[in-house]
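Working notes for the structure below.
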Amino acid sequence: MLRAYALLFLAFLYAPILLLPVFAFNDGTVIAFPLGGFTTEWFARLGTKAELQSALGNSLIVAACASAGSVILGLMAARAGVRYRFPGRAGMLGLIVLPIVLPEIIVAVALLIVAVQVLDIALALWLLIAAHVLICTPFAVAILNASFHALDPAIEEAAIDLGETRASTFLRITLPLVMPGIVAAALISFTISLDEFIIAFFLTGSETTLPVYIWSLLRFPKELPVIMALGTLLVIASVAILSLAEWNRRRGLRRAGAEDHGGFL
C-alpha cells in the first residue's frame, strides 16, 4: 500500500510537468488534445525575444549573487551552530530557518513596505538579491549543517596539535572537506532563486526576472506554446542542477565516511 501510494503521489506531482515537452513540440497553438504535428518552432522563437533574454540575464545575475551570499551566511551559521555552544544558540538557529515556513507572500509584502514606505528605496535588482539571500540562506544552513555534522572534530584538533592555527585549519582542512556541501548548497540556492516568483513579482521594478516575464506572457494565449518550450528547458536545467547537487552531497559523505540517510534536505 505504501508503494502504491508513493507511485500515485509521484504521478500526481510530476504528470503535469511531463506534459510540458509534449505541447512544446506540438505545432498547434492551442494547449489541448488531440495533438498536431511535430515542430521545433517554439524553441526557435525563444532566441528572437529580446525581452526574454533580458529577463533571463537578470534572473541569472540575481540567482548567482543570491547563491553566493546565502552560502557565505549559511557557512558561518552552520559552523557556529555545530561547533560552538553559546546562549541563545537554539533560538538563533530557529530564527534563521524561519523563512522556510513563512508564506512567501507575507515576506514579499513586508519587504515591499519596508523598502518603499519606510526606507524610501527604489525597487531594483539589488533589493531582490537581498530578499533572495533571505529565503535561500535557511536551505544553505540545512545542507551545510549536515556537512559539518559529518565532519569528525578530531581532524581539526589533530591539525591544531600539529601546529596549524584555527584560521589555517579552517582554510586548509575544514573547507576542502565540506566543499561538496558548499557546492550543493550553492546549486540549491541558485535553483530556488532562479525559480522564485512571488517575491520577485513584488520587488522587481523595470528590470523583470524570468518567472515574472513568464507570468506576463500568460495574458497572450498565442504565446502559451513558447512558454511550454521555455518551461521544458527550465525543467531540464533544474533537474541537472539538482542532480549535480545530490552527487556533490553523496561525494562529501563518502569523503567524510558518514552514513547516507537520504536526500540533501
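Observations on the model:
- Excluding exposed DSSP-loop trypsin sites (Lys or Arg not before Pro) (at most 16 other C-beta within 10 Å), longest clean stretch of the chain: 86-218
- Radius, Kirkwood style, for segment 26-90 when every pair of distinct Cα atoms is counted (Å): 16.5 Å
- Dipole magnitude of the chain about its Cα centre (Cβ charges: Lys, Arg +1; Asp, Glu -1), debye to nearest 20: 340 debye
- Membrane-span-like helices in the chain, defined purely by DSSP H runs whose alpha carbon atoms cover 30 Å or more axially and whose average Kyte-Doolittle hydropathy reaches 1.6, are 2-24, 125-150.
- Free of any chymotrypsin sites (Phe, Trp or Tyr not before Pro) that DSSP assigns to a loop and that have at most 16 other C-beta atoms within 10 Å, the longest stretch within the chain is 85-196.
- Under a Gaussian network description of the chain, with springs only between Cα atoms under 10 Å, the residue in G37, G74, G47 that fluctuates furthest is G37.
- Values (1) 13.8; (2) 18.7; (3) 15.2 are given for comparison; mean projected area of the Cα convex hull in nm², derived from the coordinates here, is the one labelled (2).
- Per residue, the average separation of C-alpha pairs within less than 8 Å and at least 6 apart gives the chain a relative contact order of 30 percent.
- About the Cα centre, charge dipole magnitude for segment 46-175 (Lys/Arg +1, Asp/Glu -1 at Cβ), debye: 80 debye
- Report summary: the helix-based calculation at 222 nm, which adds -39500 (n - 2.57) for every DSSP H run with n ≥ 4 and divides by the residues of the chain, gives -23500 deg cm²/dmol.
- Projecting the Cα atoms of F202, L230, V97 onto the charge dipole of the chain (Cβ charges, centred on the Cα centre) puts V97 farthest toward the positive pole.
Just so you know, all these numbers are worked out from the coordinates, no wet-lab data involved. As the structure is a computational prediction, the values presented were derived from the model and not from experiment. Reconstructed Cβ throughout: ideal geometry from the backbone, glycine too, with neighbour counts over all protein chains shown.
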